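Heads up: the structure comes next, in structure tokens.
Computed from the coordinates by the stated procedures, all read-outs in this text should not be read as laboratory data. Predicted, not measured: the structure shown is a model, and the values here were computed from it. FYI the Cβ positions are ideal-geometry reconstructions off the backbone, even for glycines, and counts take in every protein chain you see.
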Amino acid sequence: MYDISDDEILPLSLQHSFWTWSAQGKVAPIPVQRASGVYFWDVNGKRYLDLNSMVMCVNIGHGDPRVIEAIVDQARSLPYAGPPMTSKPRAILGKLLAEITPGNLNRFLYTLGGADANENAIKLARAYTGRHKILARYRSYHGASAGAMAATGDPRRVAWEPNLMSGVVHFLDPYRYRSTFHRTAPHISEADFSQDYLNHLEEIIQYEGPHTIAAVLLESVTGTNGVIIPPEGYLQGVREICDRHGILLIADEVMSGFGRTGEWFAVDHWKVVPDLMTMAKGLTSAYAPMGAVAMREEIAEYFRENTYHSGLTYNAHPISLAAAAANIQVMQEDHLVERSRAMAPVLHRMLAEMGEQHPSVGEVRSIGLFGVMELVRSRTSREPMAPFNGNSPEMVAFRQYLLEHGVYLYTHWHTVLLLPPLIITEEQLAEGFAVIDKALEITDRGVTGS
């Protein structure tokens, strides 16, 4: 079989690959050679602590032999079966998922990832309700395909307008640190804060016409746009509003699912059962590409006699199904949901310590092993360390310092996200925070104090 040397990986990749989310002349990929546990190594033998689970997806950690063997065994016995067929891993995964998903979400449509999971959830909602509009939040990201990008509220959507799916209306997130409604009332109670944003949603629904709205689509915990954790009563209130108007609730759990927040799914924290729930990333811990839409039984039943006009060549791919089934069993055997829950106060304490020690840290938030630091130039004005949808010399230097010192994480504008594999230990987390502590000295120099 054709092979190349490690030294050829980077130049050949730069010569022939087209890179996403990038100007092609500015890419600087890390040529990764291997990975194990919470670490990966480049071709030069440099080790990186992976505090982002690669792309917020390797929940069980790198290189788990149980999932790898499941993939190998499946590849040997049945590497592919068409969507109209079924297979042993398809039967097993359905049973496993039905045991961990909330309420009566016990029917599953399998996709290739999160974007097409969200698109199919939208299609299901529109077909089931006979309505067209989808309400989604501005600080959301639902994927890069045309439909999912239309539902996305952040600036990643704007580059592709107007050639996106129609019928999406956006509304505001309950983002307390930067609340539009509460700049002059920062000490409002959580209950009142939550109600104000529910009232905002109710008003949007009134203006748009409830009878035209198929679904409200939201990330249970907002991901790359700031790990915005819903205030108490908010998700319950959204559920009640949807029920009252006959609107379906779609929970995007692509990033927050599979133990990331300390529960199997983030909605479990608030005992809310959506009508449809999308998943990917942690579903297989990225050992194989896969997404899924979980749906209530009554939605699936609607299509017993009504044809669902959609499909994918790799729907229910046996290798991905086998990886997902093995991944769930690893999480159960190693109690990784419970581990995420137990590590939650550890991550929160370390984040809080950074806030106490560094004036550039405006706020920290976390739930489970899902955390964020907002970096600011002033705690008084809350001016972000980088502008909206932009970067700054301080943020560039901050991330470069981390990479030079073997820590890999994700920065988004002025925020720093921390989503390590769920297997991470307190010592390994402390190792990463020791480097973050030094890197924050760079952003501290950007503080104006005004």
Q. Of the conditions (1) surrounded by fewer than 24 Cβ atoms within 10 Å (Cβ to Cβ); (2) within 18 Å of Ile299 (Cβ to Cβ), Ile228 fails just one. Which one is it?
A. (2)
Q | Number of the condition not met by Thr307 [criteria: (1) assigned to a loop (DSSP other than H, G, I, E, B); (2) touching a strand residue (DSSP E or B) at 6+ places or on another chain (Cβ under 9 Å); (3) not basic (Lys, Arg)] | A | (2)
Q.
Considering only residues that are among the hydrophobic types (A, V, I, L, M, F, W, C) and touching a Leu at 6+ places or on another chain (Cβ under 8 Å), which ones fall in region 106-116?
A. Phe108, Leu109, Leu112
Q.
Quick check on my filter: what residues within region 186-221 are surrounded by 20 or more Cβ atoms within 10 Å (Cβ to Cβ) and touching an Asp or Glu at 6+ places or on another chain (Cβ under 7 Å)?
A. Ser194, Leu217, Leu218, Glu219, Ser220
Q. Residues in region 146-160 that are surrounded by fewer than 21 Cβ atoms within 10 Å (Cβ to Cβ) and in contact with a helix residue (DSSP H, G or I) (Cβ under 8 Å, 6 or more places away or on another chain): how many?
A. 3
Q: Just give me the residues in region 59-110 being closer than 27 Å to Tyr302 by Cβ and charged (D, E, K, R), in sequence order.
A: Arg90, Lys95, Glu99, Arg107
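Return the only residue of Pro274, Pro289 being under 20 Å from Leu248 (Cα atoms), in contact with a Gly (Cβ under 9 Å, 6 or more places away or on another chain) and of a type outside the set (D, E, K, R).
After ruling out the rest, the residue left standing is Pro274.
Could you name every one of the strands (runs of 3 or more DSSP E) located completely within region 15-73 that has at least 1 residues being over 24 Å from Met373 (Cβ atoms)?
Ranges flagged: 32-36, 39-42.
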**Q.** Meets criteria (in contact with an Asp or Glu (Cβ under 7 Å, 6 or more places away or on another chain), closer than 23 Å to Val337 by Cα and surrounded by 14 or more Cβ atoms within 10 Å (Cβ to Cβ)) for Asn106
**A.** yes
Q | Unique residue being among the β-branched types (Val, Ile, Thr) and more than 26 Å from the chain's Cα centre (by Cα) when the list is Val55, Val72 | A | Val72
Q. Out of all the residues in region 20-41, which are among the charged types (D, E, K, R) and in contact with a strand residue (DSSP E or B) (Cβ under 6 Å, 6 or more places away or on another chain)?
A. Arg34
Q) Among (1) within 19 Å of Tyr48 (Cα to Cα); (2) among the small types (Gly, Ala, Ser); (3) in contact with a Phe, Trp or Tyr (Cβ under 9 Å, 6 or more places away or on another chain); (4) free of Cβ contacts under 8 Å to residues at least 40 places away in the same chain, which single condition is Ala439 missing? A) (4)
Q) Does any residue in region 273-289 that is within 15 Å of Gly103 (Cβ to Cβ) come within less than 8 Å, Cβ to Cβ, of a residue that is surrounded by fewer than 24 Cβ atoms within 10 Å (Cβ to Cβ) and aliphatic (A, V, I, L, M) six or more places away or on a different chain, and which pairs are these? A) Pro274/Leu249; Asp275/Leu249; Asp275/Ile299; Leu276/Leu249; Leu276/Ile299
Q: Please specify each residue of region 261-284 satisfying the condition of being acidic (Asp, Glu) and within 18 Å of His335 (Cβ to Cβ).
A: Glu263, Asp268
Q) Any idea which of (1) surrounded by fewer than 15 Cβ atoms within 10 Å (Cβ to Cβ); (2) in contact with a strand residue (DSSP E or B) (Cβ under 8 Å, 6 or more places away or on another chain) is the one Ser17 doesn't satisfy? A) (2)
Q) Here are some conditions: (1) over 25 Å from the mean Cα position of the chain (by Cα); (2) surrounded by fewer than 12 Cβ atoms within 10 Å (Cβ to Cβ); (3) of a type in the set (Gly, Ala, Ser). Ala23 meets all but one. Which one does it not meet? A) (1)
Q: Return the residue satisfying two criteria in turn: it lies in region 38-69 and is of a type in the set (Ser, Thr, Tyr) and in contact (Cβ under 8 Å) with a residue 24 or more places away in the chain, and of such residues it is farthest from Gly406 (Cα to Cα).
A: Ser53
